[in-house]
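Participant: Attaching a single structure in structure tokens format; questions to follow.
Coordinate-derived values only; no laboratory data. Computed from a predicted structure; not experimentally measured. Here the Cβ is made from the backbone with ideal geometry for all residues, glycine too, and neighbour counts use every protein chain on show.
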Amino acid sequence: MARAVRNTPRELAHALWKGWRTRPSTPTFLRELTLLPRLMARRDHGGLLRRLERLARAGIPLTVFVTGSFARGMGDWLTECRDQGHEIGAHSDRHLALPWIDPAEARRQILRCRDEVGRVVERPIAGFRAPFLLWTEPLYAAVAEAGFAYSSSIYGRQAERHGPLTELPVVFEDYPHLLAGAGPADVARLLAQLPEAAVLCLHPYAFFSPGYFEALLEALRTAPPLRPLSRRLADPSAPAWSITVDLA
Ligand SMILES: [Zn+2]
């Protein structure tokens, strides 16, 4: 059943800040104005890949959403990520805030990323995630038309049907907690509060924050079963967590 997208004020403020900072008209130096770990993640793709491999080896398959522009520039990286066993999803073509651009252009952004990411990964792409988790209801039609099986583009606790699509909402995002200076114990405590069926949106640059990655691995050892998102479609409310990261 379709319903309006609802965000908490904190999530909305976060999404708006990210949307403003990365819109095309924002000067580059402002777009780059961000946390040091983010810069490290951007410069150290090899390091990020090694961390993703550690997660795969620990039995933690991720769903990695990438933009079309990332797929064009980072093809080898992406196929290696796929070969590690992670699911690859689409994250629009150029990471623009889709509700804020012309609807025809938003549709092109969705179709193009499907083609570009699918071409590199050499398999159909089942999942779509909106940039910044900024979303409006009419965009579901465009995502369904593009042939995706699911979307993970809003905040929420329950899976929803939107025509042929399943929406698997994000219940947890780590970035705001990092801003507040959370340490390893906080990571574990926050994860312990999550429901049994949950989609977690983790930020790859957070993996470079001191203590965070080890704390995450430790906390996930006692988590519900970990599944890539497409393996949750048969029963989205079954106890399982999906760990997702987005790359633009
Ligand atoms: Zn993103």
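Participant: Where the centroid of each part is defined by its Cα atoms, how far is region 193-248 from region 134-162 in Å?
Facilitator: 20 Å
Participant: Something else about it: Principal axes first, then extents: for the Cα atoms of region 44-154, list largest minus smallest coordinate on each axis, whole Å, largest first.
Facilitator: Computed over region 44-154, the largest-to-smallest principal extents equal 40, 25, 24 Å.
Participant: By how many nm would the segment from residue 100 to residue 83 lengthen if fully extended, with 0.36 nm per residue of separation less the alpha-carbon distance?
Facilitator: 2.6 nm
Participant: Relative contact order, percent, of region 36-247 when contacts are C-alpha pairs under 8 Å separated by at least 6 residues?
Facilitator: Answer for region 36-247 is 23 percent.
Participant: Still on this structure, I have one more. Can you list the trypsin sites (Lys or Arg not before Pro) in region 52-81 that are in a DSSP coil and have 11 or fewer other beta carbons within 10 angstrom?
Facilitator: none
Participant: Arrange the peptides 156-166, 133-143, 226-236 so that the one whose residues have, on average, the most other Cβ atoms within 10 Å appears first.
Facilitator: Result, highest mean Cβ count within 10 Å first: 133-143, 226-236, 156-166.
Participant: If each residue of separation counts as 0.36 nm, what is the full-extension length gain between residue 157 and residue 185 once their alpha-carbon separation is subtracted?
Facilitator: Value of the extension gain: 7.7 nm.
Participant: Charges only on Cβ, +1 for Lys and Arg, -1 for Asp and Glu: so what's the dipole of region 36-247 about the Cα centre, in debye to the nearest 20?
Facilitator: Computed charge dipole of region 36-247: roughly 260 debye.
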